[in-house]
Amino acid sequence: MDINSFMDGLSIALQPVNIMWIVIGGFLGTVVGMLPGLGPATAVAVLIPITFSMNPVSAIILMAAIYYGAMYGGSRSSILLNTPGDGSAIAATFDGYPMAQKGQAGPALAISAVASFIGGIMAVFGFLFLAEPLANFALKFGPAEYFLLMLLTLSAIVALSVGKMVKGFLAMMIGLALATVGIDTQTGVYRFTMGIPHFSDGIDFLIVIIGVYAIGEVLYNFLNIDQQKKEKKKVGKVWFSKDQWKRSKWPIIRSGPIGFLIGVLPGAGGTIASMIGYTTQKQLAKNPEEYGEGAVEGLAAPESSNNAASVGAMIPLLTMGIPGSGTTAVMLGALIMLGLRPGPLLFEQQPDTVWALINSMFIGNIALVIINILLVGLLVKILDTPAKVLYPIIVLLAFIGTYTLSYSTIDFFLLLIFGVFGLFMKVLDFPIAPLVLALIVGADMEQNFRMAVLSSSGSLGIFFSSGVSIALMILTILSLCYPLIIKLVNKKRNNKNSAEEKFTKTS
Amino acid sequence: MLILYSITFLIASFNLPKANLGNPNAPMYFPAGLSIFMLLFSLIYFIQELKNLDKDNEYIRQIITGRTPKLIGFTILFGVVYAFVFNILGFLVSTVLYLGALLFYINGRKKWLVNIVVTLSFSIISWYAFSELLGVSLP
């Protein structure tokens, strides 16, 4: 690690304007993340247009702040309403909501904020030491390795949509197919443009993302808009007792690194990290019977690990230009728009940007813990704002965001089409992340594939020519077998759970 | 159930023309290979769904019952109208109309005061934020 670039980055991150963006991004992210059904990917997608007129460094800082702000926010609604903002906040409902029901909403919110904070900070340290070596390693990659790495990421994210792998593959392939629309960059051939000139540059993936995540999610939420429950919770004092801290201290410290490592893995992410954080904690606990009834450790552990994962997920994004999750895919899209090309060269060419971002994560986590504890009253009030008012606003933001992309109203129709498409994907239970990921890496993937094949004059043997590529190949195959393993583990766990249920019922 | 059936069919049939499209030489291989896989997986999906045909998807029922289809339909319809009038009426007016229409429709007429306040304040704030602060030129 280079101390000089670190200090340079720190001074950039500490510029008042960047601190302002960190605070604004964190706050906005928290608010959107809090809305039931809307997660970090939606938050980043809807708020992307704000970044367009900014310089790239501030933009990436702002987006990162929105991202982890949404991670903090997601657990607010889990704890208070039992409706997680997104997958990674599900584990927070297990013990967070029972705590709130017992009148301990305040302590629950505080401990989750502090756990997120500590997890995030631990992960930033991990980032500090892991990112640069990984970037240097990735410098040695050729097109064949890149193609395989993208394949691994895609297959991992499909494999993680356990139980609906076929749907995951279909979603991924639709994404790849959408990515082929437009002029082929190697030969100049028009593909699938249906004669519409507007499509010759391809379909802007940000429109698809905004459509699927923002419009699609809102339309999906219409399904039960009239049944959404209203619960008023007294939050009380937002701090925790010494005893609660004592109980959560170790779970938080243990789960941080777990979450971080899971976040670095392609395809994994907050949801898996928080689940694993939770189950590991439960397995280690002396009082497993309290879990699910409002055990403070059961809230602290997943909160720490999911936030650590969100920082970890930035590593493959920045060092290799390969997003590991839906949200980081959205961020990659926005970064490309801004003219930043994440990848191994980013560290050499723009060290300032990278180190400013890393430092901003420290500051951002501090800012968020303050926002989440001091402003809890305000945040709870926002949570009380009727969804019926908020959803139209999200729709409008999506439209404005789309307009700022190309100043064309043709894109509004695309936005609506993809919104409806997203709705059907949700209704039919198709995972969305593979689609988005495939759409974003699709073009690169094809180019790398063709370059690799060209460089070996048409032979596919190049994909088996280096140690790295063979290892990636094996990992891809392993990741495809992963659902089988999970199935076995789940079976075991289910047996155990039903046994536990019987036990609690009889006792 | 019928919807489920037709959508699976649609996905499957969508892939068929795709396989024939594309151009000779290099640009074709990737989409062609892709569409073969796509066809394969849609067939698997189709067969899977055939087995589950008797199971009712609760969400699909929700989507066609009650207020939901109207809500979704009108949101899209208003969106289409918005797209048409956006350049004619300008950002501010069309946004006020669209957001107002959405709010009155979704939130109900009884809460007219909230609707109007939210519509006006959001439209003006977003207009100010984007065109003045962020330098996005809006019609």
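Just a few scattered comments:
- Neighbour-count order for A:Y72, B:Y128, fewest beta carbons within 10 angstrom listed first: B:Y128, A:Y72
- Rg and Dmax over the alpha-carbon atoms of the range A:82-164 stand at 19.1, 57 Å.
- Distant-in-sequence amide contacts of A:I322, defined by a placed amide H-H separation under 5 Å and a gap of 5 or more residues or a different chain, comprise A:L317.
- Long pairs among A:K282/A:K426; B:K70/B:K110; A:K102/A:K388; A:K140/A:K164, criterion Cα-Cα beyond 27 Å: A:K282/A:K426; A:K102/A:K388; A:K140/A:K164
- Derived scalar couplings ³J(HN,Hα) [the range A:18-25; Karplus, 6.51 cos²θ - 1.76 cosθ + 1.60; whole Hz; x for Gly, Pro]: 6, 4, 4, 5, 4, 5, 4, x
- ³J(HN,Hα), Karplus 6.51/-1.76/1.60, whole Hz, each residue of the range A:273-289, x for Gly, Pro: 4, 6, 5, 5, x, 5, 5, 4, 4, 5, 5, 7, 6, 7, 10, x, 5
- Cα gyration tensor shape of the range B:68-133, rounded if a/c is under 1.5, else prolate or oblate by comparing a/b with b/c: oblate
- In degrees, nearest ten, helix A:105-138 long axis to first principal axis of chain A (Cα): 30 degrees
- Rounded to the nearest 20 debye, dipole of chain A from Cβ charges on Lys, Arg, Asp, Glu: 1720 debye
- Label-point separation, A:L139 to B:L77 (7 Å along Cα→Cβ), nm: 6.1 nm
- Axis angle, to the nearest 10 degrees, between helix A:467-506 and the longest C-alpha principal axis of chain A: 20 degrees.
- Working note: Karplus 6.51/-1.76/1.60 with θ = phi - 60° gives the range A:256-261 the couplings x, x, 4, x, 4, 5 Hz, where Gly and Pro are set to x.
- At an R0 of 45 angstrom, the distance between the Cβ atoms of B:I125 and A:E348 translates into a FRET efficiency of 0.60.
- In terms of the mean number of neighbouring beta-carbon atoms within 10 Å, the peptides A:60-67, A:94-101 order highest first as A:60-67, A:94-101.
- Compared with the dominant principal axis of the Cα atoms in chain A, helix A:56-81 is inclined by about 40°.
- Each of A:Y278, A:Y220 was scored by other Cβ atoms within 10 Å of its Cβ. Listed from fewest to most, they are A:Y220, A:Y278.
- Burial order of peptide ranges A:394-402, A:339-347 (average beta-carbon count within 10 Å, highest first): A:394-402, A:339-347
Laboratory data are not the source of any read-out in this text; all were calculated from the coordinates shown. Computed from a predicted structure; not experimentally measured. So basically every Cβ, Gly included, is an ideal-geometry build from the backbone, and we count neighbours across all protein chains shown.
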